[in-house]
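One structure is given here, and the rest of the page talks about it.
The values are calculated or read from the model by the stated rules, or taken from the named source; none is laboratory data. Just so it is clear, the structure is predicted and the values come from calculations on it, not from any experiment. Cβ placement follows ideal geometry from the backbone for every residue including glycine, while neighbour counts extend to all protein chains displayed. Heavy atoms of the whole protein, side chains included, go into the accessibility calculation; ligands, DNA and RNA do not. Shrake-Rupley method; radii C 1.70, N 1.55, O 1.52, S 1.80 Å.
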Amino acid sequence: MSLLGLGISGITSSQTSLQVTGNNIANAGVEGYSRQRVELSTRPEQLQGGSFVGAGNTVDAINRIVDDFLTNQIRLDTSSSSSFGIFASNIEQVDSLLADDFSGLSASISEFFSAIESSAQDPTSEPARQVVISQADSLAQRINSLTGRVEQQLNSINGQITSLSSQATTLIDGIAKLNGGIEDQVARGSGAQPNQLLDQRDDMLRQLSEIISVSTVKDGDSLNVFIGNGLPVVIGENALALGTEQGPDNLDVVLVGANGVRQKVTHLMSGGEMAGLLDFRDVGSELVNSIGRIAIGVADSINEQNALGIDLEGNLGGDIFRDVNAGSIPRQRVTADAENSAPSLQNIEVNITDVSQLTTSDYRLSVIDNDAAGPLDYQILRISDNTSTIVNGVAGAQSIAIDGFSIDISLATQGNLAVEDQFYIQPTRSGGADVMVDISRVQALAYAAPIITDTKIGNNGSGVISSGDMLAIVDDSSLALSPVNPLYASPGVLAAPILIRFTTATDYTVFENSNPINPEALFSASIIPGQENDIFGAQSTDPNYIGFQVSIDGSPQAGDEFTIGFNGNGSSDNRNAAALSSIRSRDILDGGSTNLENSYGSLIEKIGTRTAQARVSRDASESLLFQSQASRDSVAGVNLDEEAANLIKFEQAYNASAQLINISRQIFDTLINSLG
């Protein structure tokens, strides 16, 4: 190799190195750019005069400086950071809503029951009664508003999921096209790597990891891309698409194939903003269910108690809040799957039967054939804990009782069911939106009790009868007792007094006393003197059940009498008002273990704990991402100080190679001149 050839090889490699260095400097601020480096190799030596003489160098390649492990780690950390970040952002909003005095329920619940307590002090005061109705309306509106705010946020979440699906599809399609472009450029360049396209593909994968977790498998010069829990979305140059469609319970994420076939993949989504939104949507849906359960608890318990009283006009009480099973509400709690055999002909209702047994879960009702004979059967899945219950079908209309509600299937609907039909059941979801005040007249507040007790003047013993408690509004058809004369003139209204007469110090007989001269015996029993003794049955199935309960304490004597009559003129009676106010502390939820205020307090605590955990996870994931990015930048990032040093080095190498060419020219000129 001549001096000229050596100089040319040196100047060529130095010039390429200067160009690459300049490109590094120019792209130092470009996100996703990977530092490039010129790869040089020594040319084969040549034998001259018995020795091997160097022949200069050649440029083999211009490579990106990347570490695949760090690149993958950034994708993982980006996915985690995005997921925790968007989840924390959303749950912080609902945490503020629940705990705030102006948007939460704590103050409204307290003010409502405080109004009842104040009104009970003067049950005839119409202004005090008006305050109760106003506070009831305020509570209903606050529940409506809180439910609406959370539902609005959930609707926004679904909008974001749709938008993210579209963004992910654009990125997926771009990655597939880059695969094709890279394959083409590598073929045209005889194996040379198109660094810019590779950087673009890595950056698209990073952007995709912000939306959902990403994993890749190298296939030649292409990358096959998998998202979530292993969903293939890019295979070579072929790309699938993500979309959304409305399911029976919520918006579903679907994978759309090249042939247009749509597959539900919501349950396979993991990592990225998509997973964070889906996780919050589950929390938000349970929150709406919890608020709905509290609303149903308030409405149902207040209505039931008011129905056990007498209003200012002497009538039995009605509903203060709209009945939890009014109108079309039971049907709205059930959604038929659009893929059912005949969804438009399948009308199923869900009626609340026992507030204390309600959960905050949604349910899935599936039609099955459990015994291959007779009517079709049903499988009920409680989604919160995947508890499944099998119920055998019956001929005709069927009512299935579970967790405080009944699933009511009409005969007509049964005839339109087929195996694998499914229904999504949300017993409490609409409770917060449905609650509203159903009373406008202050006179309709039933503060008095329907019964009044009395002790006969002249009794010899120390027996004392209680004022009595109403258990239910019943009539004679609901009782096992069957006297000749009716006990009730109408539901809840005694036709005649009930007489309790002691025949000994411990034994008594209960009479229907429409004819005081010849009362009709109903039943006989005994007491234990000196302690409180219930007189009637407590359960509707008891033979001595009469719809109310009284007790006798102390020590009656033979001949002592006590009476129970209808309280037709009890305007100053506040016994049922006291019972209404006691609902505040009564354990009516979670199987009779939690009152309304504690239930809401537990909800605030639960969301607050999740919010604190979300903040910790968000901060930790951001820190990990920062560290991963720093590690990547230390390897693949452009260091301007280093590039400045390289400029000087390559410039000097270029000048030296140019000087070598100049020396070669001078030697050549000297040689020519010597021959002249």
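Checking the structure you have, find out if any residue of the range 633-649 is in contact with a helix residue (DSSP H, G or I) (Cβ under 9 Å, 6 or more places away or on another chain), closer than 30 Å to Asp300 by Cβ and of a type outside the set (S, T, N, Q). Taking every residue of the range 633-649 in turn, none turns out to be in contact with a helix residue (DSSP H, G or I) (Cβ under 9 Å, 6 or more places away or on another chain), closer than 30 Å to Asp300 by Cβ and of a type outside the set (S, T, N, Q). In the set Asp77, Asp137, only one residue is under 19 Å from Gly297 (Cβ atoms), in a helix (DSSP H, G or I) and within 30 Å of the chain's Cα centre (by Cα); that residue is Asp137.
Matching residues to (1) open to solvent by 50 Å² or more (accessible area, probe 1.4 Å); (2) among the polar types (S, T, N, Q):
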| residue | (1), (2) |
| --- | --- |
| Ser582 | no, yes |
| Gly592 | no, no |
| Ile604 | no, no |
| Gln613 | yes, yes |
| Val635 | no, no |
| Leu647 | yes, no |
| Ser657 | no, yes |
| Ser664 | no, yes |
| Leu671 | yes, no |
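Only one entry in Glu622, Glu651, Glu597, Glu642 is open to solvent by 30 Å² or more (accessible area, probe 1.4 Å), of a type in the set (Asp, Glu), under 21 Å from Asn90 (Cβ atoms) and out of contact with any strand residue (DSSP E or B) (no Cβ under 9 Å at 6 or more places or on another chain), namely Glu622. Of the residues Asp454, Asp476, the single one that is on the phi < 0 side of the Ramachandran plot and touching a Leu at 6+ places or on another chain (Cβ under 7 Å) is Asp476. Of all positions in the range 594-601, none carries a residue that is in a helix (DSSP H, G or I), β-branched (Val, Ile, Thr), under 28 Å from the mean Cα position of the chain (by Cα) and closer than 30 Å to Leu97 by Cβ. Among residues of the range 244-264 that are farther than 19 Å from Gln153 by Cβ and open to solvent by 50 Å² or more (accessible area, probe 1.4 Å), those with a beta-carbon under 9 Å from a residue that is modelled with pLDDT under 90 and outside any strand (DSSP E or B) at least six positions away or on a different chain give the pairs Gln263/Gly257; Lys264/Gly247. In this entry, Arg75 is excluded by the filter for residues that are open to solvent by 30 Å² or more (accessible area, probe 1.4 Å), closer than 27 Å to Ala636 by Cα and at pLDDT 80 or above. Return yes when Gly570 is farther than 30 Å from Asp77 by Cα, open to solvent by less than 20 Å² (accessible area, probe 1.4 Å) and free of Cβ contacts under 8 Å to residues at least 24 places away in the same chain and no when it is not. Spelling it out, it is not the case that Gly570 is farther than 30 Å from Asp77 by Cα, open to solvent by less than 20 Å² (accessible area, probe 1.4 Å) and free of Cβ contacts under 8 Å to residues at least 24 places away in the same chain.
Yes or no, residue by residue, for (1) basic (Lys, Arg); (2) in a strand (DSSP E or B); (3) in contact with a Lys or Arg (Cβ under 6 Å, 6 or more places away or on another chain); (4) open to solvent by less than 70 Å² (accessible area, probe 1.4 Å):
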{"site": "Ser165", "(1), (2), (3), (4)": "no, no, no, yes"}
{"site": "Thr169", "(1), (2), (3), (4)": "no, no, no, yes"}
{"site": "Asp173", "(1), (2), (3), (4)": "no, no, no, yes"}
{"site": "Lys177", "(1), (2), (3), (4)": "yes, no, no, no"}
{"site": "Gly181", "(1), (2), (3), (4)": "no, no, no, yes"}
{"site": "Gln196", "(1), (2), (3), (4)": "no, no, no, no"}
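Is at least one residue of the range 38-55 of a type outside the set (A, V, I, L, M) and under 28 Å from Ser270 (Cα atoms)? No, there is no match, as no residue in the range 38-55 is of a type outside the set (A, V, I, L, M) and under 28 Å from Ser270 (Cα atoms).
Could you tell me whether any residue of the range 185-194 is under 30 Å from Ser384 (Cβ atoms), touching a residue at least 24 places away in the same chain (Cβ under 8 Å) and not polar (S, T, N, Q)? Checked against the condition, which is being under 30 Å from Ser384 (Cβ atoms), touching a residue at least 24 places away in the same chain (Cβ under 8 Å) and not polar (S, T, N, Q), the range 185-194 yields no hits at all. Applying the criterion of being in contact with a helix residue (DSSP H, G or I) (Cβ under 7 Å, 6 or more places away or on another chain) and under 19 Å from Gln141 (Cβ atoms) to the residues of the range 302-320, the residue that is most open to solvent (accessible area, probe 1.4 Å) is Asp319. For the range 136-148, a residue qualifies if it is of a type outside the set (Ser, Thr, Tyr) and buried (at least 16 other Cβ atoms within 10 Å of the Cβ), and the qualifying residues are Ala136, Asp137, Leu139, Ala140, Arg142, Ile143, Asn144, Leu146.
Taking the range 214-236 as the range and being among the small types (Gly, Ala, Ser), surrounded by 14 or more Cβ atoms within 10 Å (Cβ to Cβ) and closer than 24 Å to Ser81 by Cα as the test, the residues that pass are Ser215, Gly228.
Please go through the range 112-130 and give me each residue that is open to solvent by less than 80 Å² (accessible area, probe 1.4 Å) and either touching a strand residue (DSSP E or B) at 6+ places or on another chain (Cβ under 8 Å) or outside any helix (DSSP H, G or I) (or both), ordered by number. Result: Asp122, Pro123, Thr124, Ser125. The residues in the range 386-408 that are surrounded by fewer than 14 Cβ atoms within 10 Å (Cβ to Cβ) and in contact with a Ser or Thr (Cβ under 6 Å, 6 or more places away or on another chain) can be counted, and the count is 2.
Out of Ser14, Ser41, Ser9, Ser34, one residue alone is of a type in the set (Ser, Thr, Tyr), at negative phi and either free of Cβ contacts under 8 Å to residues at least 40 places away in the same chain or open to solvent by 60 Å² or more (accessible area, probe 1.4 Å) (or both). It is Ser41. Within the range 111-153, the set of residues being polar (S, T, N, Q) and farther than 27 Å from Glu92 by Cβ comprises Ser114, Ser118, Ser119, Gln121, Thr124, Ser125, Gln130, Ser134, Gln135. The number of residues in the range 212-266 being of a type in the set (Gly, Ala, Ser), out of contact with any Phe, Trp or Tyr (no Cβ under 6 Å at 6 or more places or on another chain) and part of a strand (DSSP E or B) comes to 4.
Just one of the listed residues (Gln443, Gln422, Gln414) is open to solvent by less than 60 Å² (accessible area, probe 1.4 Å), more than 30 Å from Ser138 (Cβ to Cβ) and out of contact with any helix residue (DSSP H, G or I) (no Cβ under 7 Å at 6 or more places or on another chain), namely Gln414. When the strands (runs of 3 or more DSSP E) confined to the range 480-542 are screened for residues that are open to solvent by less than 30 Å² (accessible area, probe 1.4 Å) and under 19 Å from Thr455 (Cα atoms), those reaching at least 2 such residues are found at 498-502, 507-512.
Based on this model, can you work out whether Leu70 counts as open to solvent by 60 Å² or more (accessible area, probe 1.4 Å), in contact with a helix residue (DSSP H, G or I) (Cβ under 9 Å, 6 or more places away or on another chain) and either in a helix (DSSP H, G or I) or in contact (Cβ under 8 Å) with a residue 12 or more places away in the chain (or both)? Answer is no for this residue.
Could you check the range 326-365 and list, in sequence order, the residues that are at negative phi, in a loop (DSSP other than H, G, I, E, B), more than 22 Å from the chain's Cα centre (by Cα) and not hydrophobic (A, V, I, L, M, F, W, C)? Of everything in the range 326-365, those that are at negative phi, in a loop (DSSP other than H, G, I, E, B), more than 22 Å from the chain's Cα centre (by Cα) and not hydrophobic (A, V, I, L, M, F, W, C) turn out to be Ser328, Glu339, Asn340, Ser341, Gln346, Asn347, Thr353, Asp354.
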